[in-house]
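The values are calculated or read from the model by the stated rules, or taken from the named source; none is laboratory data. Computed from a predicted structure; not experimentally measured. Quick reminder, even Gly has a Cβ in these numbers, built from the backbone with ideal geometry, and neighbours come from all protein chains shown.
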Amino acid sequence: MPSEIFSISKKRSEEEEERRAGTHFLVGLGGNEQSRQQDSQTCIQSREKYKSGELREEEKRIDLTPRLTAADFSGVLLSLRPSRYVSLRARTYLNDRGRPRLSPLRISYDGFRGRLHAVSVQMEANGYQMGVHEYTHLLNCARAGNDRVLAEQLWRRMAAAGVAPDTWAYNSYMAALCGTVTSKRELRVTEQTLAMRSSTPEDVRTRAVTIYRSMIDRGVVPNSMTFDLLLLAMSRMGDIKGVCRTLKEVWDVDVGALATGKETAPPVVGKGSPLYPTQHTLLAVAAAFGSNNDVESAVRTVDHLARRYKVPISRATWAMLLNWTYVATRPPAPYLPKYSPVNLWGIMTAPPYSVAPTIEMYDYVVRSLIARKMPKQAIAVINDALKIYAAGVASIEQHVGGSEKEAWRRRMEFRERSMVRRWAELLCLGKGMRPWYARTMVPDVVRKLDWFLGDRITYVTPTAFITLQRGKEYWWRPMSIRRRKRTWMPLGTGSKEMDYLD
């Protein structure tokens, strides 16, 4: 890969240099079994010398990469996975005070991209050309870093090298250019968002359709992921007719007939077909209809596809449905009854689905009940959520080890504690509650949720605002879990940042 495609990160920590000193010899293990054993022994001795400071300068510069085969280079490149460098878990660290922090995606991605550059340059410097698997992996890495420029450069490089893309290469290219389920998932499709997305010369829908037509022209067979990405691209431009048409043509799902209660014929796609719907298909359908203010169609279509093709509904899909159901009952544009989130919650947690909810799922229901002025029901749901919280913390503590895992554990615990604190603050504030609420229920809330609240508690009586100062020993700064930057962004999505939506 030419150097103009990647930029090398020059800053390396001492820990990274030490790791490289050891793996520098490990990656050179080639040849027969005897030479591999000799190189392995050399590697171990070099690591020990490096740690003790006995390794001479000329020994540090020994380069065994010429002994690597094409398969060795490919294995090293494919082992550099985005989940290990740019996922939420990989970007979490502890600061000097032991508090969890999140490294910006751009900084983590730049370091990751530098590693990809180093391996690809060495591979081509030793006379090996990358194949479709390597290019597909790099396209997926560009997708993880939201790097459309790199994706387009890689695609042109593939064409110049005469590498024929396969289905997964096309899918990775389409995902990098047009986005996945996690791309801008906090935005509803409104006049403002459509105007913003239409301002570019080529919108995401046009790009996706162009890539799909290129697949067909080259005789590359699409799979279900191809159409999942097409559904998402169409939905972002408000093309719900295109979404319905695709569902009908590919999986024979008539969204209009489902609205009238009609059940369509048995599945038209066989179990072994590459077009057979997956859990990701259900997630894409939920995101497509939900973001276009049609939650009822989202629930009906997901349920129908799941039952007809016997595909389990994933927890990520339920979280997506809960999110958009909650959004549809709240300002600025409520169009569903206020009890809809609780009804969907009942369906989700009851047989045959029996989904075990997470704290983030509880967030939708608790906020919905508080907004409906139902504090007793909200407190009952919070009590159930606290059981999940306590069990989760205990389970994590038993299996955590190492700084990275410890940082992740603390961050997850901190986020969930911040979420519960917000529930307690909303209950204490009691906005719109009846006059007796401040006298009878607020003291119980403070007593039960004492550990989650901070040093200052504010609540409302019929005649005044009351602020309780509890002392500095109760002070702690919660994590910001809601990032509503624009009035047309929906509520309820700020804290939903989990990687399982990817």
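Quick notes on this structure:
- Scanning segment 157-181 for residues that are surrounded by fewer than 17 Cβ atoms within 10 Å (Cβ to Cβ) and hydroxyl-bearing (Ser, Thr, Tyr) yields a single hit, 167.
- Restricting segment 332-348 to residues that are in a loop (DSSP other than H, G, I, E, B) and within 20 Å of residue 288 (Cα to Cα), the residue that is modelled with the lowest pLDDT: 333
- Wholly within segment 261-328, helices (runs of 4 or more DSSP H) carrying at least 2 residues that are out of contact with any Leu (no Cβ under 6 Å at 6 or more places or on another chain) and under 20 Å from residue 223 (Cβ atoms): 279-291, 295-309
- Across segment 258-287, the qualifying residues are those that are of a type in the set (A, V, I, L, M, F, W, C) and within 14 Å of residue 303 (Cβ to Cβ), and the one among them that is modelled with the lowest pLDDT is 259.
Residue-wise test of (1) over 25 Å from residue 266 (Cβ atoms); (2) among the aliphatic types (A, V, I, L, M).
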| residue | (1), (2) |
| --- | --- |
| 291 | yes, no |
| 300 | no, no |
| 308 | no, no |
| 324 | yes, no |
| 338 | yes, no |
| 346 | yes, no |
| 351 | no, no |
| 364 | yes, no |
| 388 | yes, yes |
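- Residue within segment 277-291 that is free of Cβ contacts under 8 Å to residues at least 12 places away in the same chain and either crowded, with 16+ Cβ neighbours inside 10 Å or more than 24 Å from the chain's Cα centre (by Cα) (or both) present: no
- Qualifying residue in segment 93-110 (condition: surrounded by 21 or more Cβ atoms within 10 Å (Cβ to Cβ) and assigned to a loop (DSSP other than H, G, I, E, B)): no
- Selection within segment 248-257 - farther than 17 Å from residue 300 by Cβ and touching a residue at least 24 places away in the same chain (Cβ under 8 Å): 250
- Scan segment 112-128 for residues that are surrounded by fewer than 16 Cβ atoms within 10 Å (Cβ to Cβ) and either over 15 Å from residue 65 (Cα atoms) or in contact with a strand residue (DSSP E or B) (Cβ under 8 Å, 6 or more places away or on another chain) (or both) and the total you get is 0.
- Residues in segment 75-98 that are over 17 Å from residue 142 (Cα atoms) and touching a His at 6+ places or on another chain (Cβ under 7 Å): none.
- Segment 150-167 residues that are outside the structural domain of residue 216 (by TED's automatic domain parsing) and assigned to a helix (DSSP H, G or I), paired with ones that are at pLDDT below 95 and β-branched (Val, Ile, Thr) (beta carbon under 6 Å, 6 or more apart): 153/5
- Residues that are of a type in the set (S, T, N, Q), out of contact with any Ser or Thr (no Cβ under 8 Å at 6 or more places or on another chain) and touching a residue at least 12 places away in the same chain (Cβ under 8 Å) within segment 316-353 comprise just one, 317.
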